[in-house]
1. Considering (1) open to solvent by 10 Å² or more (accessible area, probe 1.4 Å); (2) more than 16 Å from ligand 1 (Cβ to nearest atom); (3) at pLDDT 95 or above, say which one Met176 fails and leave the rest.
2. Kindly list, by first and then second residue, each pair from a residue in region 93-111 that is closer than 15 Å to Lys214 by Cα to a residue that is more than 15 Å from ligand 2 (Cβ to nearest atom) and among the acidic types (Asp, Glu), limited to pairs with Cβ atoms under 6 Å and residues at least 6 apart or on different chains.
3. Looking at this structure, is Gly300 at pLDDT 75 or above and away from ligand 2 (no atom under 16 Å from the Cβ)?
4. Can you tell me how many residues in region 406-422 are under 34 Å from the mean Cα position of the chain (by Cα) and surrounded by fewer than 16 Cβ atoms within 10 Å (Cβ to Cβ)?
5. Picking from Glu96, Glu81, which residue would you name as being away from ligand 1 (no atom under 16 Å from the Cβ), assigned to a loop (DSSP other than H, G, I, E, B), open to solvent by 10 Å² or more (accessible area, probe 1.4 Å) and outside the structural domain of Gln204 (by TED's automatic domain parsing)?
6. Cβ-Cβ distance below 6 Å, separation of 6 or more or different chains: which pairs start in region 260-277 with a residue that is within 17 Å of Val93 (Cβ to Cβ) and end on one that is polar (S, T, N, Q)?
Amino acid sequence: MFDNLSEKFADAFKNLQGKGKISESNIEDALKQVRTALLEADVNFKVVKQFIGAVKEKALGEKVISGVNPEEQFIKIVNDELASIMGSANEEVNLEREGIVPILVVGLNGQGKTTFSGKLSLHLKKKKNKKVLLVPVDTFRPAAKDQLITLAKSMDMDWFDSDLSTHPKLIAESAMNFAKENKYDVVIIDTAGRLHVDVELMGQIKEVRDSLAKFDPEVLMVADAMTGQEAVNVAKSFHETVNLTGVVLSKMDSDARGGAALSIRHVTGVPIKYISTGEKMKDLELFHPDRLAGRILDMGDVVSLVEKAQDAIDERDAEDMMKNLEKGKFTVDDFMKQMDMMKNLGSMSSILKMIPGMGGMLRQVGDLSPAEDEMKRMRVIINSMTKKERQDYKIVKESRMKRIAGGSGTTEAQVKDFFAKFRQMEKMMGGMMQMMKGGGMPGMPGMPGGGMPGLPGMPGQKQKKPRKKGGKWGGGFFS
Ligand SMILES: Nc1nc2c(ncn2[C@@H]2O[C@H](COP(=O)(O)OP(=O)(O)OP(=O)(O)O)[C@@H](O)[C@H]2O)c(=O)[nH]1
Ligand SMILES: [Mg+2]
């Protein structure tokens, strides 16, 4: 997410390295570079102008704090300003009210409306304990209804069997009646997309919105983050006609430059409420301006990472693994569980980027896909092992290796290589447990808590105090 911007910002900040204090002359170059970086990221020029003005004013007005160097001070100011133009705090859809909450999902063609509707339903059901109804109202493309129903079925979510031969506003009205009779809390209405903002589309959505007026609907516009300022213009015209209550930025997992995220709030006054970060139903995040600013500036986003981990990690698995390790055991099953936990968290690079300072390191390393491919290969190899073998890999000799290679579609050399690597890991795990028993891990400079950046879910030092949220795993960056 916003890799280019992060890199350019990092370059800009280098201007202040070794400077005694912030002065008009020494921030000039840094500000110029920040301005260029933002314009290249397709941020609206008015937003850029105001941003630069605000940063300059704050930087020059800043008192010299002893112990904090100008570079750090400047980064902090840029960070706060970035968060502030994006809206400062997270705003979710408002569920704290009487009656059914209709959520109208609007936007141009192919922006990710249907995908988001599905994701939001899952989020509200799982996290907010709401009874949610999904309603397709795309009367132009009947396949759109099937798409939403397929998604609903895959999540065990309820949907409304819309009569597409009538007007969307009538469908919305009957869905609301159905929701009332069946005690739904939230109704998510997935509307049709169009290639351009046209009069017909706007008129139809306006009619649907008006018919829901008495319920005070949420109207969320989904915009592809890759489209930059175009997304801002579209949001503007939607807002003028149908009065948006929020924007959702989709496809944030692709190489969006940042223009939309950084401009929409400022230009339209409409808050960004969610970001969509993948094609799977779980790939939805609340939009936290402060955290995103941190990610852009490569300060990491440990808070989101911990939240993701708490969702992704099965506590019982973590505890089992912990017990095994205390006994000095590390099995192939344990390893598989660790890989599963990692996978639930997202791609390796997306996880690493959330750790302070790792973004820069990643840029140097470049492509992580060979490592991800290797994890995939390890998985198929493990899947071809018997339960007994996974509990005690030492029983795997030549003939079993042959069988495993055949079953997993890999070569014997690859299977051998896996066991060699596993042996190494087992050794490392054993060593780590020894060190932990003997008073903790040596800290790594720059890592919060001085811990070792272990695999998520890597069992570690036993906690003396119970954790706030119950998790018992530790030792990694979650401790
Ligand atoms: N990578 C990625 N792909 C996404 C995301 N959201 C949606 N997509 C993909 O984008 C394509 C279009 O998504 P839809 O949800 O069907 O878009 P839509 O706005 O409902 O499209 P129409 O109903 O035709 O206007 C699909 O292939 C989705 O899988 C996202 O956050 N990340
Ligand atoms: Mg759709």
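The values are calculated or read from the model by the stated rules, or taken from the named source; none is laboratory data. As the structure is a prediction and not an experimental result, all values here were calculated from the model. Neighbour counts are summed over all protein chains in view; Cβ atoms, including those assigned to glycine, are modelled from backbone coordinates with ideal geometry. All accessible areas refer to the heavy atoms of the entire protein, side chains included, with ligands and DNA or RNA removed. Shrake-Rupley method; radii C 1.70, N 1.55, O 1.52, S 1.80 Å.
1. If we test Met176 against (1) open to solvent by 10 Å² or more (accessible area, probe 1.4 Å); (2) more than 16 Å from ligand 1 (Cβ to nearest atom); (3) at pLDDT 95 or above, just (1) comes out false.
2. Close Cβ pairs (under 6 Å, with a partner that is more than 15 Å from ligand 2 (Cβ to nearest atom) and among the acidic types (Asp, Glu)) amount to Ile103/Glu218.
3. no
4. 2
5. The unique qualifying residue is Glu96.
6. Ser276/Ser250
Condition check ((1) part of a helix (DSSP H, G or I); (2) surrounded by fewer than 17 Cβ atoms within 10 Å (Cβ to Cβ)) across all residues:
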residue	(1), (2)
Gly110	no, yes
Thr115	yes, no
Gly118	yes, no
Lys126	yes, yes
Phe140	no, yes
Ala143	yes, yes
Asp146	yes, yes
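Yes/no per residue for (1) over 25 Å from Ala143 (Cβ atoms); (2) in contact (Cβ under 8 Å) with a residue 60 or more places away in the chain:
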| position | (1), (2) |
| --- | --- |
| Ser174 | no, no |
| Phe178 | no, no |
| Glu218 | yes, yes |
| Glu240 | yes, no |
| Val248 | no, yes |
| Asp253 | no, yes |
